[in-house]
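Chemist: Following this message is one structure expressed as structure tokens.
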Amino acid sequence: MLSPLRQTWPLPTSPKPIVVVGTGGIVADAHLPAYARAGLPVAGLYDRDPARAAALARTWSIPRVFGSLAEAAEQDAVFDVAAPPHAHRAILSALPPGATVLLQKPMGLDLTDATAILHLCRARGLTAAVNFQLRYSAMMLAIADAVARGRLGRLTEIVIDVNLVTPWGLFPHLKPNPRVEIVSHSIHYLDAIRAIAGEPRGVFARTMGHPSSDLAQTRTSAILDYGPELRVLLSINHHHDFGRRFQQASFRVEGDAGAAVAKLGVLLDYPQGEPDELWLAPRGGPFARVPLSGAWFPDAFIGPMANLQRFAAGEDDVLATGVEDGWRTMALVEACYRAADRPGEPIPSLPTGD
């Protein structure tokens with residue numbers, strides 16, 4: 001009988017208190033619920049909007065709201081920086097040298113920002129990770145474990161198919177950004193693919209807007225080049241507003257011995273969402289549903305913080321989404337945008353004459 005697949009990241013033996021910098025929607029909807037479920041203590045909150053921070057502190061019985069970033073930075077804690085990417089460098093510069101930091105994704109808005117953040121973390125001796133949490137979800141940890149154990153065999157296919165309606169109005173801060181879809185959404189898939197298959201050789205991509213949206217891009221097609229055996233494809237459309245029947249949010253991984261298909265439930269009717277699902281099959285089938293121990297939102301947000309604290313305490317040998325690895329995901333994002341800016345191969349013209 002096959003042993004169960006890994007679905008959770010172990011918790012730190014002696015968790016340190018967490019200070020959260022930034023109290024936007026993602027903190028209320030994911031960070032704080034995840035930490036409460038895992039029993040990870042939150043010592044206090046800081047936000048430039050003190051009233052918002054105070055309201056969230058009351059909701060979650062958090063003991064302190066700091067009056068300034070400097071006051072927050074004085075704490076002996078792990079810092080969860082859940083601020084917009086344009087604020088990352090300023091906040092990191094205000095934290096004490098040698099601090100332990102979890103940085104909200106993306107790691108800056110582009111590769112230039114990511115490189116500056118990487119150098120800053122190195123210069124200040126920060127133990128820093130990026131909150132790429134999809135790879136820590138129960139379904140993705142299980143898929144990665146199945147791949148590692150050889151249950152899928154030699155990988156042949158990774159296909160992400162997202163065809164649904166995303167309420168972009170919930171994210172007004174994205175309106176002025178010249179880059180949106182890949183760096184804010186598909187970055188999750190690119191990071192999870194890297195966690196499973198390693199580094200691609202290159203990428204072909206297009207990303208574009210939609211007539212119904214005032215955002216720069218909300219649709220993406222991308223092919224990651226892993227050589228002649230492994231086909232990797234992203235097909236992302238956030239505007240399939242024709243009812244639920246043909247909406248889709250799947251992450252499919254196939255090999256020559258088996259296949260895994262995950263349903264990313266939170267994306268369907270976001271933010272209410274549907275349950276995540278994971279299905280596995282040996283070659284020839286049939287598929288069997290794998291019970292999941294948690295959902296992408298909020299449970300996967302436990303993983304990055306647990307790994308960071310365990311690494312800082314010497315309990316984990318690898319910081320899975322450390323800033324060095326985060327930079328590589330940002331490099332893949334950059335490659336997608338550069339590929340999208342290049343013209344396609346011209347179609348040969350019909351010969352003239354005899």
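Values quoted throughout were computed directly from the atomic coordinates according to the rules given, and no laboratory measurement underlies them. Treat the numbers as computed from the prediction; the structure is a model and nothing was measured. All Cβ positions, even for glycine, are placed from backbone atoms using ideal geometry, and neighbour counts span all protein chains on display.
Chemist: Test of understanding: what is the full-extension gain from Ala257 to Arg124, defined as 0.36 nm times their sequence separation minus their Cα-Cα distance?
Modeler: Taking 0.36 nm per residue and subtracting the Cα distance, the gain is 43.2 nm.
Chemist: Lysines within cross-link reach of Lys175: Cα-Cα under 24 Å, excluding same-chain residues under 8 positions apart?
Modeler: Result set, ordered by chain and number: Lys105.
Chemist: Filter the chymotrypsin sites (Phe, Trp or Tyr not before Pro) in segment 272-304 down to the DSSP loop ones having no more than 14 other Cβ atoms within 10 Å, then list what survives.
Modeler: Answer in residue order: Phe287.
Chemist: What residues from segment 1-42 fall in the zone where the backbone N is under 18 Å from a label point 7 Å along the Cα-to-C-beta line of His173?
Modeler: The answer is 19-33.
Chemist: Antiparallel DSSP bridges in the chain: what percent, to the nearest 5?
Modeler: 60
Chemist: Using the Karplus curve 6.51 cos²θ - 1.76 cosθ + 1.60 with θ = phi - 60°, work out ³J(HN,Hα) for each residue of segment 259-276 in order, rounded to whole Hz, and write x for Gly and Pro.
Modeler: 9, 9, 10, 10, 9, 8, x, 4, 6, 8, 6, 4, x, 5, x, 10, x, 5
Chemist: Could you list which residues have their amide H under 5 Å from that of Lys175, counting only those 5 or more apart in sequence or on another chain, with H placed in the peptide plane?
Modeler: Long-range HN contacts for Lys175: none found.
Chemist: Under 14 Å Cα to Cα from Lys16, which aspartates and glutamates show up? Leave out anything in the same chain fewer than 8 places away.
Modeler: By straight Cα distance, Lys16 reaches Asp76, Asp80, Glu315.
Chemist: Which ³J(HN,Hα) values, rounded to whole Hz and listed in residue order, are derived for segment 330-335 from phi using the Karplus coefficients 6.51, -1.76 and 1.60 in 6.51 cos²θ - 1.76 cosθ + 1.60 with θ = phi - 60°, glycine and proline given as x?
Modeler: Calculated HN-Hα couplings, in order: 5, 5, 5, 4, 4, 4 Hz.
Chemist: So for the chain, averaging the separation of alpha carbon pairs under 8 Å that are six or more residues apart and normalising by length, what relative contact order in percent results?
Modeler: Relative contact order of the chain: 21 percent.
Chemist: Follow-up. Add +1 for every Lys or Arg and -1 for every Asp or Glu among the other residues with Cβ under 14 Å from the Cβ of Gly255, and state the total.
Modeler: +1
Chemist: A further question on this structure: When the Karplus curve 6.51 cos²θ - 1.76 cosθ + 1.60 is applied with θ = phi - 60°, which whole-Hz ³J(HN,Hα) does each residue of segment 98-105 get, with x for Gly and Pro?
Modeler: Coupling constants for segment 98-105: x, 5, 9, 9, 10, 9, 4, 6 Hz.
Chemist: For volume of the Cα convex hull per residue in Å³, which listed value, (i) 133; (ii) 173; (iii) 354, comes from the coordinates shown?
Modeler: Given (i) 133; (ii) 173; (iii) 354, the calculated one carries the label (ii).
Chemist: For segment 138-295, calculate the relative contact order in percent as a whole number, restricting contacts to Cα pairs under 8 Å that are 6 or more residues apart.
Modeler: 30
Chemist: Enumerate the residues in segment 149-178 having an amide nitrogen under 20 Å from the point lying 7 Å beyond the Cα of Asp214 toward its Cβ.
Modeler: Under 20 Å, as judged by backbone N against the label point of Asp214, lie 166-178 of segment 149-178.
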